[in-house]
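The values are calculated or read from the model by the stated rules, or taken from the named source; none is laboratory data. Remember, it's a predicted structure, so these values are computed and weren't measured experimentally. Backbone-built Cβ (ideal geometry, glycine too); neighbour counts: all protein chains shown. Just the protein is used for accessible areas: all its heavy atoms, side chains included, with ligands, DNA and RNA removed. Shrake-Rupley method; radii C 1.70, N 1.55, O 1.52, S 1.80 Å.
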Amino acid sequence: MNISVKGYAAQSATSPLGLFHFVRREPRPEDVVIEILFAGVCHSDLHVARNDWGWSQYPIVPGHEIIGRVASVGEKVSRFKIGDLVGVGCLVDACRGCASCRKGWEQYCEKGATYTYGSKDRTDGTPTHGGYSEQIVVTQDFVLKLPSTLDPAGAAPLLCAGVTMWSPLKHWKVGPGSRVAIVGLGGLGHMGLKLAKALGAEVTLFSRSPGKEEDARRLGADQVVISNDKAQMKGVASRFDLIIDTVPYEHDVNPYLPTLATGGTLVLVGYLGPLQQTPANTGPLVVGRKAIAGSLIGGIPETQAMLDFCGEKGIAADIELIPMQQINEAYERMLKSDVKYRFVIDIATLKAEAEAGAPA
Ligand code: NAP
Ligand code: ZN
Ligand code: ZN
C-alpha cells in the first residue's frame, strides 16, 4: 500500500515552500520505511528549490541530510530492524553495475545516480522526494547506520555536508603533515574544518567575513585568512596541498592558486558552471603542477566510513534547530551567511502542523 505523507514543497522557482501532501511508493521487499526525525538544510536545497541549476521540476520536496528511525522493513531486508536510527543522504539508488558503482562511487554512476529528490525512481519512474517530510522509503543498500554515540540532530548534516568534505579529504590523502585550506565558513566549510583537523592536518580557513575568526578556531582552524586582504593572501603563498572551495556562486579563483604548494589541488565543490567573469589563469597551474578539480558528495561506502569516523571522534555539525514552518526564513538567512552553521529541521513540527479544515 502506498504511504501518504505530509511534506514541504516548492511549487515553482519563485514560490515559497509550503505544505504538500503526496504518496511514497509501496515498499518493496528490500525497502526500509523510515520515520524522519531531522532534516538538514543544505544550500543545494535552495539552489534546486529556486531552479538555480536550470533542471528543477516541480513540485520539489528538498532535503538530503536525513536522520530517522526505521518504522518497518521489507522481507528481504537483512541490515536493519525496526527502531534502528539510520541516515539517508543525497543518493537513494544507482545502476550498481557500472565501473563507478562497482568502486563504491555511486555518486558518479555512469547511468546517472538516483538522487533523494528531483530524480525518477529506477523501477517505477515516479519522482523522488526528499527529507522535508514525515517518512521516506529507501532500498536498504542506500541506508546508512548511525553510530549510537552521535546526537541524531547534529548528525543529519554529516549525510551531505560531512561526506562532501570527507570525500576530497580522503581522495587527496589528507593526514598528519598535510596543509589544508577551506574556502567559506558555512555548512560545508565548518564540517571541512572539523574533519580536516580530526584527520591530523594543519587547517586554514579562507573567509570574506572577519567576524568568523573565533568560531573558526573553535571548529578546528589553526589560522584564518581574510580572502580579500592581499597582504594576508601573500602571507600564505605556496602553502596548501589541498584547498576545498565551498563558495556557492561564481567567484574569482585566481587569488587562491598562488597559495597552493607545488603539486597542490584546488577542489571546487560549491559553484557549478563556467568561470566567465574572471577566467582561471593556467600560469600558476602549469608552473607549479597545480590542479583545479571538482568533487561531488560521496559514495555509500565512504559515507558509512565517514559516519563511523565521526562516531569514534564525537564529530557532528553545529546546528540551529528550526521548525518546518521557518524554512523560508532559513533560506533567506542562509543567503546572507547568517547561520551557525547548519539549519536542521525538527520534523516533529511538521507532524504537529495543524491543517486547515482538519478536525481539531
Ligand atoms: P552555505 O552554508 O551557504 O555556505 C557557503 C559559504 O560560502 C558562506 O558561509 C560564505 O562563507 C561563502 N560565500 C557565500 N557566498 C559567497 C560569495 N558570493 N562569495 C564568496 N564567498 C561566499 O552553503 P553550503 O550548504 O555549505 O553549500 C555550499 C555550496 O556547496 C552550495 O553551492 C551547495 O549547493 C554546494 N554543495 C555541493 C556539494 C557537492 O557534492 N559538490 C554538496 C553539498 C553542497 P564566508 O562568509 O566564510 O565567506
Ligand atoms: Zn547537500
Ligand atoms: Zn552505476
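For region 107-120, taking the residues that are open to solvent by less than 20 Å² (accessible area, probe 1.4 Å) and under 27 Å from G83 (Cα atoms), the one that is farthest from ligand 1 (Cβ to nearest atom) is identified as T114. If you go through region 285-305 and keep only what is aliphatic (A, V, I, L, M) and more than 13 Å from ligand 1 (Cβ to nearest atom), you end up with L285, V286, V287, A291, I292, I300, A305. Among all residues of region 269-292, there is none that is at positive phi and hydrophobic (A, V, I, L, M, F, W, C). Quick check: is even one residue across region 165-172 out of contact with any strand residue (DSSP E or B) (no Cβ under 8 Å at 6 or more places or on another chain), open to solvent by 40 Å² or more (accessible area, probe 1.4 Å), of a type in the set (F, W, Y) and more than 16 Å from ligand 2 (Cβ to nearest atom)? Looking for residues that are out of contact with any strand residue (DSSP E or B) (no Cβ under 8 Å at 6 or more places or on another chain), open to solvent by 40 Å² or more (accessible area, probe 1.4 Å), of a type in the set (F, W, Y) and more than 16 Å from ligand 2 (Cβ to nearest atom), one finds none in region 165-172, hence no. Residues in region 82-106 that are within 14 Å of ligand 1 (Cβ to nearest atom) and open to solvent by less than 50 Å² (accessible area, probe 1.4 Å): G89, C90, L91, E106. Looking across region 135-183, not a single residue is aromatic (F, W, Y) and free of Cβ contacts under 8 Å to residues at least 12 places away in the same chain. Here L321 meets each of (1) within 12 Å of ligand 1 (Cβ to nearest atom); (2) at negative phi with one exception, condition (1). The set of residues in region 43-61 that are hydrophobic (A, V, I, L, M, F, W, C) and either open to solvent by 20 Å² or more (accessible area, probe 1.4 Å) or touching a Lys or Arg at 6+ places or on another chain (Cβ under 8 Å) (or both) comprises W53, W55.
Can you name the residue in region 227-253 that is of a type in the set (G, A, S) and closer than 19 Å to R289 by Cβ and is also surrounded by the fewest Cβ atoms within 10 Å (Cβ to Cβ) among such residues?
Going through region 227-253, the residues of a type in the set (G, A, S) turn out to be 227, 231, 235, 237-238.
Going one step further and asking which of them are closer than 19 Å to R289 by Cβ, we end up with 237-238.
Working: A237: 11, S238: 13.
Restricting to residues being of a type in the set (G, A, S) and closer than 19 Å to R289 by Cβ, the top hit is A237.
Only one of the listed residues (A71, A39) is open to solvent by 20 Å² or more (accessible area, probe 1.4 Å) and in contact (Cβ under 8 Å) with a residue 60 or more places away in the chain. That residue is A71.
Hey, does region 260-274 have a residue that's aliphatic (A, V, I, L, M) and at pLDDT below 95? Please lay out each step first, then the result.
To start, the set of residues in region 260-274 that are aliphatic (A, V, I, L, M) comprises 260-261, 266-269, 272.
Those still in the list that are at pLDDT below 95 too: 272.
So far as region 260-274 goes, yes, one or more of its residues are aliphatic (A, V, I, L, M) and at pLDDT below 95.
Output the number of residues of region 198-226 satisfying the condition of being hydroxyl-bearing (S, T, Y), touching a helix residue (DSSP H, G or I) at 6+ places or on another chain (Cβ under 9 Å) and surrounded by fewer than 20 Cβ atoms within 10 Å (Cβ to Cβ). Going through region 198-226 one residue at a time, the tally reaches 0.
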